[in-house]
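Visitor: Starting off with a structure, shown below.
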Amino acid sequence: MNLARRTMNNPAFALLYERAWRPTSFWLATGRTMTADRRYAVRALRLRPGDRVLDIACGPGNFTHHLSAHVGSGYAVGIDFSVPMLRRAVVDNAGSRVGYVRGDARRLPFADGSFDAVCCFGALYLIPDPLLAAAEMIRVLAPGGRIAISTSHTPEGVLGQVSRLVGGAGGLRVFDLDTFPKLLAEHGLTDIDQQVHGLMQYVGATRAHE
Ligand SMILES: C[S@@+](CC[C@H](N)C(=O)[O-])C[C@H]1O[C@@H](n2cnc3c(N)ncnc32)[C@H](O)[C@@H]1O
């Protein structure tokens with residue numbers, strides 16, 4: 001198990017994640033607050049009353065609960081691998097329209113087209129086979145559904161080389177900017193939107209109605 005994965009399975013880290021680690025580390029990496037990222041999520045996923053939302057690699061539910069507040073009688077499901085993270089999710093981010101499931105992003109335990117909105121924030125760089133995980137996101141997305149991702153990208157020049165080396169040693173990947181837009185387009189998604197903030201890229205897209 002690499003350093004990043006061991007960290008995600010540490011109960012002390014899970015306790016600190018939403019309270020301190022996430023706000024600080026993402027602000028340093030992107031210049032954005034968690035409130036700004038949550039707003040981005042709601043906007044990119046174009047949430048509507050009745051939507052079924054899947055939050056992949058949900059950690060302690062810091063997005064899942066927020067998303068559930070925007071779907072009226074719909075619901076949000078968070079899925080994660082880490083038991084300590086899911087324990088925190090149940091304590092810190094429970095709600096009447098929220099549920100949590102333990103599972104692997106590379107083999108989602110859901111039928112094709114089960115969700116109207118699917119997101120994965122701050123996690124694809126931790127997952128072995130991230131392209132398989134992205135393909136799984138698309139598989140469970142219903143026709144007309146929306147997808148949103150935030151993950152790392154490789155900055156230009158020396159910073160890019162340093163982030164590849166340092167990230168690689170700790171078990172974190174960095175992606176080219178065309179990787180996810182290309183993958184989404186190859187799967188037939190449209191309205192592909194990409195923003196770059198500091199060391200992170202934010203990508204949204206829509207699955208066509210059949
Ligand atoms: C940095 S947290 C992200 C939490 C939240 N999405 C956010 O943006 O703040 C990354 C999460 O990815 C989860 N994770 C890593 N690999 C996974 C996999 N293969 N399947 C499901 N979850 C995974 C970890 O357990 C961890 O909770």
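The values are calculated or read from the model by the stated rules, or taken from the named source; none is laboratory data. Predicted model only: the values in this text are computed from it and were never measured. Heads up, the Cβs are rebuilt from the backbone with ideal geometry, glycines too, and the neighbour counts pull from every protein chain shown. Ligands, DNA and RNA are stripped out before the accessible areas are found, and what is left, the full protein with its side chains, is counted by its heavy atoms. Shrake-Rupley method; radii C 1.70, N 1.55, O 1.52, S 1.80 Å.
Visitor: Give just the number: which of (1) closer than 27 Å to R173 by Cβ; (2) modelled with pLDDT of 95 or more; (3) within 12 Å of the ligand (Cβ to nearest atom); (4) not in a loop (DSSP other than H, G, I, E, B) does V118 not satisfy?
Guide: (3)
Visitor: For residues in the range 34-56 being within 12 Å of the ligand (Cβ to nearest atom) and either of a type outside the set (D, E, K, R) or modelled with pLDDT under 95 (or both), which is most open to solvent (accessible area, probe 1.4 Å)? Spell out the reasoning first.
Guide: Narrowing the range 34-56 to residues within 12 Å of the ligand (Cβ to nearest atom): 34, 37-38, 40-41, 54-56.
Cutting the leftovers down to either of a type outside the set (D, E, K, R) or modelled with pLDDT under 95 (or both) gives us 34, 40-41, 54, 56.
Numbers: M34: 25, Y40: 7, A41: 0, L54: 0, I56: 4 Å².
Ranking the candidates gives M34 first.
Visitor: Is at least one residue of the range 100-113 away from the ligand (no atom under 14 Å from the Cβ), in a strand (DSSP E or B) and closer than 11 Å to A76 by Cα?
Guide: no
Visitor: Against the conditions (1) outside any helix (DSSP H, G or I); (2) more than 9 Å from the ligand (Cβ to nearest atom); (3) open to solvent by 10 Å² or more (accessible area, probe 1.4 Å), where does L132 fall short? Just the number, please.
Guide: Among (1) outside any helix (DSSP H, G or I); (2) more than 9 Å from the ligand (Cβ to nearest atom); (3) open to solvent by 10 Å² or more (accessible area, probe 1.4 Å), the lone unmet condition for L132 is (1).
Visitor: Can you confirm whether the range 66-74 contains a residue that is under 16 Å from D92 (Cα atoms) and surrounded by fewer than 18 Cβ atoms within 10 Å (Cβ to Cβ)?
Guide: Yes, that holds for at least one residue.
Visitor: Would you mind stating whether I147 is open to solvent by less than 30 Å² (accessible area, probe 1.4 Å), at pLDDT 95 or above and in contact with a Lys or Arg (Cβ under 9 Å, 6 or more places away or on another chain)?
Guide: For I147, the condition - open to solvent by less than 30 Å² (accessible area, probe 1.4 Å), at pLDDT 95 or above and in contact with a Lys or Arg (Cβ under 9 Å, 6 or more places away or on another chain) - is met.
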